[in-house]
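No value in this document is a laboratory result; all are computed from the given coordinates. Keep in mind that this is a model prediction, so the values were computed, not measured. Note that each Cβ is placed from the backbone with ideal geometry, even for glycine, and that neighbours are counted across all protein chains shown.
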Amino acid sequence: MTPVPGGARSERGVVVVGPVGARAAGRLRLFRYEVRCWRDGAIPDVAEAVESPVSLTDDSSVAERVLELVPAVPALTWGRDESGAGEMWNSNSLTSWLIVRMGLDVESIQPPAGGRAPGWDAGVAVARATASSRA
């Protein structure tokens, strides 16, 4: 999940685009985010991570499922609680949404030591609501 730069979406692996702050403002590139998913993609700000990546599974079928699910992430308004989950939607929401939809135990995952993850519960709630509405 990243701000939208100029240029062709296909070159960046864009699979979802959503508004930032207010749904109507999303008509302007400045107020949109994009979710990217592409082979050999890079995370430009990975060096800014609070802790090293945490491995959640070594099951390749789960990893493949993540890649299948990314285009299905809801394009909710970043910074708003459109889902009524009690928290704003953001990159933490996207991450927890994917974890729940993959079928991993989201309750066993904790934020980095001394850190917090605002928006995490929104992703969990939206993923569970989506799953139960399909059942």
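For this structure, a couple of remarks:
- Across region 70-82, coupling constants 3J(HN,Hα) worked out from phi with the 6.51/-1.76/1.60 Karplus curve, θ = phi - 60°, read 3, x, 8, 4, x, 8, 6, 6, 4, x, 10, 10, 5 Hz, and Gly and Pro carry x.
- Length added when fully stretched, Ala22-Ala131, from 0.36 nm per residue minus Cα-Cα: 36.6 nm
- Overall Cα dimensions of region 40-88 - principal axes, largest extent first, Å: 34, 28, 19
- Region 54-130 - Rg over Rh from alpha carbon coordinates, Kirkwood radius: 0.96
- Ranking Gly41, Trp120, Val20 by Cα position along the charge dipole of region 2-134, where only Lys, Arg, Asp and Glu carry charges on their C-beta atoms, puts Val20 farthest toward the positive end.
- Taking each residue as 0.36 nm, the span from Glu48 to Glu11 lengthens on full extension beyond its C-alpha to C-alpha distance by 10.9 nm.
- Pair Ala63, Thr2: separation of 7 Å Cα→Cβ label points (nm): 2.1
- Listed residues Ala49, Ala75, Ala24, most fluctuating in the chain (Gaussian network, C-alpha, under 10 Å): Ala49
- Most mobile of Pro111, Pro71, Pro19 in a GNM of the chain (Cα contacts under 10 Å): Pro111
- Its DSSP H runs of at least 4 residues, each contributing -39,500 (n - 2.57), put the calculated 222 nm mean residue ellipticity of the chain at -8500 deg cm²/dmol, to the nearest 500.
- Considering only Val50, Val35, Val62, the mean-square fluctuation computed in a Gaussian network model of the chain, springs between alpha carbons under 10 angstrom, is largest for Val50.
- Only Lys, Arg, Asp and Glu carry charge here, each on its Cβ (+1 for the first two, -1 for the last two); on that basis region 2-134 has a dipole of about 720 debye about its Cα centre.
- Convex hull per residue volume in Å³, alpha carbons only, for the chain: 132
- Relative contact order [Cα under 8 Å, 6+ residues apart], region 2-134, whole percent: 21
- Per-residue HN-Hα couplings for region 17-22 [Karplus 6.51, -1.76, 1.60; θ = phi - 60°; Hz; x = Gly/Pro]: 10, x, x, 10, x, 8
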